[in-house]
Amino acid sequence: MAAPSIRPRAAFDIETVGWDRFYCGALLFDGRMRTFRQDQEADLAAAILAVGEGDVLAHNGGRFDFLWLIDAWIRFGLWRDGMTINVAESGASIVSMRVRGPGLNLTFRDTYRMFPVSLARIGGKSEVGLACSMERAECAEQA
């Protein structure tokens, strides 16, 4: 059996307050980084769905980001009729999840499962493209 081919189409990351409230996030798609503030949580969830097809990466996404995403789709009424989700888990973490439906063919992958190191070791926040802190009320793209 051949290993699955991974062709990243997009990547996203979120930051939270107290692990339970969205604070800010970013989506890299079509070569463009978009950032989202607290009041734009629904916009980020919708933008991720709008990727439409392909692999979407999130570093350590299987521990929290994917759960937030599923919850956000439901809370903001973005879950469409005919959508299905299949999840591959390892312990308490989601390794990957496939979301299918009308106009959707997305596979979300936790890159931590492929590269088990922190983002700080892979590259600084400026290399990832998002600066977000509890001291500032906004996320900003890094040059």
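Where a number appears in this text, it was derived from the coordinates with a stated rule and is not lab data. The model shown is predicted, which means the values in this text are computed figures rather than measured ones. Cβ coordinates were reconstructed from backbone atoms using ideal geometry, including for glycine residues, and neighbour counts include every protein chain displayed.
Going 7 Å from the Cα of Arg100 along its beta-carbon direction, which residues of the stretch 47-79 have the amide nitrogen within less than 15 Å of the resulting point?
Taking a point 7 Å out along Cα→Cβ of Arg100, the residues of the stretch 47-79 whose backbone N falls under 15 Å are 53-54.
So for the pair Trp79, Arg9, with labels modelled 7 Å out along Cα→Cβ, what separation do we get in nm?
According to this spin-label approximation, the distance is 2.2 nm.
Could you please report the charge total around Asn60, scoring K, R as +1 and D, E as -1 over all other residues with beta-carbon less than 10 angstrom from its beta-carbon?
Working: positive: Arg63, Arg113; negative: Asp13, Asp65, Asp110.
Net charge in that neighbourhood comes out at -1.
So how much slack lies between Ser90 and Val17, counting 0.36 nm per residue of separation and subtracting their Cα-Cα distance, in nm?
Values: separation 73, 0.36 × 73 = 26.28 nm, distance 2.58 nm.
Answer, rounded to one decimal: 23.7 nm.
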